[in-house]
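S.K.: What follows is a single structure, and I will ask about it in a moment.
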C-alpha cells in the first residue's frame with residue numbers, strides 16, 4: 001500500500017447535487033479497488049484556472065488523499081479520463097517529508113482507531129501547547 | 001553559473017562582487033516542495049510564467065530540481081500558467 005494524493009477539477013457547470021454524486025463515485029471507486037480514503041478535501045472549491053481548459057475559466061477543485069495498492073492509480077486515471085465532467089486530474093505519490101505547505105499528518109497506528117476526522121485536529125493542538133510549556137519550566 | 005557563486009575567485013578589477021545567493025528552501029529547511037503551494041512557487045517564475053534559472057533564484061541543485069517538478073505539476077492542473085499573455 002502506498003499513500004497517494006489526487007487532485008481533480010470538476011466542471012463548474014455541474015450543479016451541486018451532480019457534483020456531490022461525482023465525488024461520491026470517485027471515492028467509491030477507490031474503496032472498491034482496495035483503496036482506503038483518508039481525506040476528501042473540498043475546501044479549495046471553485047477556483048479560477050490559470051489557463052482556460054475547453055474554454056472554461058473556472059473549475060471546482062477536489063483534493064483526495066488515500067492509501068492504495070500500486071495498481072489503483074492507473075485504474076483511477078482511466079476512469080477520470082472517461083468522465084467528461086472532470087477537466088483535469090493529477091495523482092501523486094505522497095512523500096513523508098517536511099513540506100512547504102504544512103507538516104503532513106503522519107499519524108501513528110493507534111490514532112487510526114479513533115474517528116478519522118476528529119483525531120488529527122484534536123491531537124495537533126495539545127502537542128504544540130505542551131512543548132513550549134516544558135521549555136519554560 | 002559558477003561566476004557569481006565562487007568566493008575564492010580574485011575580484012574582477014573595478015567590478016562589484018555579486019553577493020552570494022543562498023537557497024531559499026535550504027534556509028526554510030524544506031524537504032519537499034509541494035506543487036499546491038503556488039504562492040511560494042510563483043516567486044520562482046518570471047511574469048511570463050517561465051521558471052527562473054538557478055543563477056537568478058540562487059537555489060541549490062537539489063531544490064531547483066524539486067522546484068521545477070513542483071511547478072510543472074502545478075501547471076498540469078491549471079494552478080499555474082504555462083505561459084502568461
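A short reminder: the numbers here are calculations on the coordinates, not readings from a lab. Here the structure is a predicted model, which is why all the values come from computation and not from measurement. Quick reminder, even Gly has a Cβ in these numbers, built from the backbone with ideal geometry, and neighbours come from all protein chains shown.
S.K.: Being more than 12 Å from chain B (Cβ to nearest Cβ) and within 17 Å of residue A:23 (Cα to Cα) is the filter; apply it to the stretch A:44-59 and report the residue that is nearest to the chain's Cα centre (by Cα).
M.R.: A:45
S.K.: Out of A:72, A:90, A:80, A:94, which single residue is over 19 Å from residue B:35 (Cα atoms) and within 14 Å of another protein chain (Cβ to nearest Cβ)?
M.R.: A:80
Residue by residue, here is whether (1) at the interface with chain A (Cβ under 10 Å from one of its Cβ atoms); (2) surrounded by 12 or more Cβ atoms within 10 Å (Cβ to Cβ); (3) under 26 Å from residue A:10 (Cβ atoms) holds:
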residue	(1), (2), (3)
B:18	no, no, no
B:41	yes, yes, yes
B:57	no, yes, no
B:80	yes, yes, yes
